[in-house]
1. Once you have the Cα-Cα distance between Q149 and K52, take 0.36 nm times their residue separation minus that, and quote the gain in nm to one decimal.
2. Determine by what factor the alpha-carbon radius of gyration of region 186-326 differs from 2.2 N^0.38 Å, reporting the quotient.
3. Determine the calculated [θ] at 222 nm for the chain from helices alone, applying -39500 (n - 2.57) to every DSSP H run no shorter than 4 residues and normalising by the residue count; nearest 500 deg cm²/dmol.
4. Taking Cα centroids, how far is region 147-217 from region 74-111 in Å?
5. Using only the Cα atoms of region 109-208, what are the Rg and Dmax in Å?
6. For a quick check: with amide H placed at 1.01 Å from N, whose amide H comes under 5 Å from H127's, ignoring anything fewer than 5 positions away on the same chain?
7. Show the residues, 5+ positions off or on another chain, whose built amide H is closer than 5 Å to the amide H of G163.
8. Kirkwood Rh, Cα Rg: Rg to Rh for region 152-257?
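Just so you know, all these numbers are worked out from the coordinates, no wet-lab data involved. All of these numbers come straight from a predicted model, not from anything done at the bench. So basically every Cβ, Gly included, is an ideal-geometry build from the backbone, and we count neighbours across all protein chains shown.
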Amino acid sequence: MRILGRTLALATILALTLATPGHAADTIRLAVQKTGTFSWELATIRSAGLDKEADLLLEVTELASPEAGKIALRAGNADIMLSDWLWVSRERALGAKLTFYPYSSALGAVMVPAASPIKTLADLKGHKLAIGGGPIDKSWLLLQARMKQDGIDLKSDASIVYGAPPLIAAKALDGEMDASLNFWNFCAQLEAKGFRRLAGIEDILPKLGAKGAVSAVGYVFDESWAASHKDAVARFIAMTRKAKQLLVTSDAAWDKIVPLTGATDPAMLKTYRDRYRDGIPRRSIVDEEADARVLYRVLAETGGRDLVGPAAELDPGTFYHAVPGD
């Protein structure tokens, strides 16, 4: 009984301490693309009170593009944003000591109309293929590398057009191209409209040397900031894991974020939900980093200095390793 009494007393003291005006939650400034999936996670966090549970105050700046987030982070106006390990490694090679922690392994896919005669990636030869992004889009480079293994140079063997991901998705629906390669959420839109996944980029990664699902997108922050806010970073990551687990187990959690997803019908929401859940990281940081190192070499060879800058290898500090349990 005395032990129970001391435990209850300690809990009461801690609760009162956190409730006193002198206690302030740790503040983390987030740069968030307004239309991105990070906003889904943050809405889930706030709806479930996970930020308060983690004793964190999240200051969110909504931005129009990933590039705006990079500018905010480099200027010291944000602590965390989403980007990829490719950019982080390039920045490190140029002197900016950023670091990366996995957020999602959801990748794009090659999509074709349901009745398309295109049945395999090799069938893309001679057809019009639209790329959501530019010539050095990562998924496009990985697809090229995979097809070159089979002696197919898609840049010359197919008719290639580039465009912004929303535009490519709209043109695909209008039937203006034979196939498209786009970001996962736009592919989910097409899938909900009856399009067929010819191949997901995750399907080709084993042929390029990866041993599992690779998180291409992650939380990015400055390593010196992380060193001075180590406990807050650990609580932030634990909080985001809880939010992801909610989105895995609870369809009701999805009902609360429907307006943010832009889903226009239940079929589209279900496809978003399924693809998002498939992309939640489930591997150790060591395994993630090992596969990223392999794929970095593939991307460096295919994309050249325009993509990776002066670094031919993934920088050793690219992945953040200071989270308990990783």
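1. Working: separation 97, 0.36 × 97 = 34.92 nm, distance 5.06 nm.
Here the answer is 29.9 nm.
2. Scaled against compact globular proteins, the figure is 1.23.
3. Numbers: 17 runs with 159 residues, N = 326.
So the helix-based figure for the chain works out to -14000 deg cm²/dmol.
4. The two parts, judged by their Cα centres, are 21 Å apart.
5. Cα-based Rg and Dmax for region 109-208 come out at 12.1, 33 Å.
6. Counting only residues 5 or more places away or on other chains, the set is S159.
7. For G163, whose amide H was placed from the backbone, the distant partners under 5 Å are I131, G133.
8. Values: Rg = 19.0 Å, Rh = 17.7 Å.
Taking Rh as the inverse mean 1/r over Cα pairs, Rg/Rh reads 1.07.
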